[in-house]
Amino acid sequence: MSPHRTMMHALRNTTHGGPRLLQMQQIPIPSRGPGEVLVEVHAAGVAYPDVLQSRGEYQLKVPLPFTVGCEFSGIIADADPDSGFVAGDRVLGVAGSGAFAEYVVTPADRVLPLPDSVDFIQGAAMPINVLSAEFALGERGNLRAGETVLIHGAAGGLGVALTQQAKLLGASVIAVVSTPEKAELSRSIGADDVISPFDFLTEVRRITDGRGVDMVLDPVGGERFTDSLRALTTRGRLLVLGFTGGSIPTVRVNRLLLTNTTIVGVAWEGLMPSTSVSLQDQWARLAPDVARGALAPVIGEVVPFTQAPEAIAALDERRALGKTVLRVSGDGWAATS
């Protein structure tokens, strides 16, 4: 960071009016506090919390106006001496908000070292999806080798991470996707079967010879939920990861009793002010597979920072394929001071 520079560009929510009403503004570069790091952002990942932040619907409430954005990659500009980081370190990380900017401040425990083999675009696409998938399949789902999982929204950023990690754990994957392009993507990353969301229950029963799947991973919710329960085998688990379909389903609990079914909530806490999840421990388990390329995000589009509102809208409207990443550094800004 230039010693004379004091201002930066940031994508701001001023109205809670949704993605397309977000505004690019110049604001002061933030200063870090104790236990925090200041990161010069090179790239930022577009994630569903950004959609919710644009409308003021995210569970972490931030007073207007504020800078949106939750995941990033870049270079440490300033760090708490006890953080384990120094200026110049390549990192990826998360913030409760503020990542869609040229600089972001976040607690040091939300920042992770970026392997030399991973570029900034790839790094920005990883934190929320890769860490959420590890938390879901491991701590919450206890996925075991030889099991079969059904993944809704399998061609999205989270779906890709879930598919890759489930395969590394030795599971079979049935991917649910809505278009031929998404089907091709899911097959390319190792899904064993790819089916449409329309009448997916019939297809699951055909593929499993009537047995059903051991686990359903559902970030969609809505009308699929009941048939997802029906798709489970005895003692199966349905993991609830979100409600991108828009509606929050309800369940008749007698279904759980008859088949010893478990419904598990999955809320990775890495974006919250306090968390019981150790990002460092998660990254220690994942980093070897990331470094050798076995866990790699599928980048659907890399867009200039100036096009961030439309990129968030595309995710909101379920038009995004794979992961969308904003290129922040080198986006042609005039020098600000």
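The values are calculated or read from the model by the stated rules, or taken from the named source; none is laboratory data. Small disclaimer: the values here were computed from a predicted structure and weren't measured. Note: ideal-geometry Cβ built from the backbone for every residue, glycine included; neighbour counts use all protein chains shown. Just the protein is used for accessible areas: all its heavy atoms, side chains included, with ligands, DNA and RNA removed. Shrake-Rupley method; radii C 1.70, N 1.55, O 1.52, S 1.80 Å.
Could you report the accessible area of Met8 in Å², rounded to 10, computed with a 1.4 Å probe on the protein chains as they sit in the structure?
About 10 Å², rounded to the nearest 10.
Anyone know which of Glu36, Glu310, Glu139 comes out most mobile in the 10 Å Cα GNM of the chain?
The residue that fluctuates most here is Glu139.
Which order do you get for Ser274, Ser54 if you rank them by accessible area with a 1.4 Å probe, largest at the top? Before the final figure, lay out each step's value.
On the way: Ser274 90, Ser54 0 Å².
The ordering from most to least exposed comes out as Ser274, Ser54.
With all protein chains present, calculate the accessible area of Arg140 using a 1.4 Å probe and round the result to the nearest 10 Å².
Probe radius 1.4 Å; accessible area of Arg140 about 100 Å².
Considering only segment 150-239, what is the antiparallel percent among its DSSP beta bridges, to the nearest 5? Each step should come with its number before you reach the end.
Working: 0 of 12 bridges.
Approximately 0 percent, going by the DSSP bridge assignments.
Is segment 111-193 rounded, prolate or oblate when judged by the Cα gyration tensor, a ≥ b ≥ c being the square roots of its eigenvalues, rounded requiring a/c under 1.5 and prolate requiring a/b larger than b/c? The partial results should precede the final answer.
On the way: a/c = 2.04, a/b = 1.26, b/c = 1.62.
Oblate, because a/c is 1.5 or more while a/b does not exceed b/c.
Using the per-residue mean of other Cβ atoms lying within 10 Å as a proxy for protection, in what order, highest first, do the peptides 236-242, 75-81 fall? Walk me through the numbers on the way to the answer.
Working: 236-242: 22.4, 75-81: 17.1.
By packing density, highest mean first, the sequence is 236-242, 75-81.
Tell me, what is the percent relative contact order of segment 1-128, built from C-alpha pairs under 8 Å that lie six or more residues apart?
This gives 29 percent for segment 1-128.
Leaving out ligands, DNA and RNA but keeping every protein chain, what accessible area does Val220 have, in Å² rounded to the nearest 10, with a 1.4 Å probe?
Roll a 1.4 Å probe over it and Val220 shows about 10 Å².
Can you tell me the length gained on complete extension of the stretch Glu139 to Thr226, counting 0.36 nm per residue apart and subtracting the Cα distance? Don't skip to the answer; put the middle values down first.
Values: separation 87, 0.36 × 87 = 31.32 nm, distance 2.42 nm.
Full extension of this stretch gives 28.9 nm more.
Compute the FRET efficiency between Ser247 and Arg206 as 1/(1 + (r/R0)^6), taking r as their Cβ-Cβ distance and R0 = 25 Å, and round to the nearest 0.05.
Working: r = 28 Å, r/R0 = 1.10.
The calculated FRET efficiency here is 0.35.
Using a simple spin-label model with points 7 Å from Cα along the Cα→Cβ vector, what separation in nm is obtained for Asn254 and Gln23?
That separation, rounded to one decimal, is 5.6 nm.
Sort 320-327, 145-152, 12-19 for me by packing, meaning the mean count of neighbouring Cβ atoms within 10 Å per residue, highest on top. Kindly include the intermediate steps, with their values, before the conclusion.
On the way: 320-327: 23.4, 145-152: 21.5, 12-19: 16.9.
Averaged packing, sorted descending, gives the order 320-327, 145-152, 12-19.
Would you mind working out the accessible area per residue for the chain, using a 1.4 Å probe, and quoting it in Å²? Mind dumping the intermediate values first?
Details: 14420 Å² over 337 residues.
Value returned for the chain: 43 Å² of accessible area per residue.
Given a cut-off of under 8 Å on Cα pairs at least six residues apart, what relative contact order in percent is computed for the chain? Can you show the working numbers first?
Working: 759 pairs, mean separation 64.1, N = 337.
RCO, the chain: 19 percent.
Tell me, what is the FRET efficiency for Glu317 and Asp80 to the nearest 0.05, using R0 = 41 angstrom and their Cβ-Cβ distance as r?
Working: r = 40 Å, r/R0 = 0.97.
It comes to 0.55.
Connecting C-alpha atoms closer than 10 Å in a GNM of the chain, tell me which of Phe72, Phe198, Phe100 has the biggest fluctuation.
Among Phe72, Phe198, Phe100, the largest GNM mean-square fluctuation belongs to Phe198.
How large, in percent, is the carbon and sulfur part of the accessible surface of segment 88-227 at a probe radius of 1.4 Å? Don't skip to the end; give the middle numbers.
Details: 2270 of 4860 Å².
Ligands and nucleic acids excluded, carbon and sulfur reach 47 percent.
Classify segment 62-115 from the C-alpha gyration tensor, please: rounded if a/c falls under 1.5, else prolate or oblate depending on whether a/b exceeds b/c.
Values: a/c = 2.16, a/b = 1.81, b/c = 1.19.
Since a/c reaches 1.5 and a/b is larger than b/c, the shape of segment 62-115 is classed as prolate.
In debye, nearest 20, what is the charge dipole magnitude of the chain about its Cα centre with +1 on Lys and Arg Cβ and -1 on Asp and Glu Cβ, if you could check?
Values: 28 positive and 35 negative charges, 167 e Å.
Its charge dipole is roughly 800 debye.
Once you put a point 7 Å from the Cα of Ser178 and another 7 Å from the Cα of Thr15, both along the Cβ direction, what distance in nm separates them?
2.6
Rounded if a/c is under 1.5, else prolate if a/b is larger than b/c, else oblate: which is segment 181-281, with a ≥ b ≥ c the root eigenvalues of its Cα gyration tensor? Numbers along the way, then the final one.
Working: a/c = 1.75, a/b = 1.24, b/c = 1.41.
Judged from the Cα gyration tensor, segment 181-281 comes out oblate (a/c at least 1.5, b/c at or above a/b).
Could you list the residues of segment 75-109 with an amide nitrogen less than 16 Å from a label point located 7 Å from the Cα of Asp281 in the Cα-to-C-beta direction?
Zone members listed by number: 109.
At 7 Å along the Cα-to-beta-carbon direction for both Arg5 and Gln59, put a label point, then send me their distance in nm to one decimal.
Computed distance between label sites Arg5 and Gln59 equals 3.5 nm.
Taking all protein chains together and a probe of 1.4 Å, list Glu57, Glu71 from the most accessible to the least accessible. Provide the component values of the computation, followed by the final result.
Values: Glu57 105, Glu71 0 Å².
Most to least solvent-accessible, the answer reads Glu57, Glu71.
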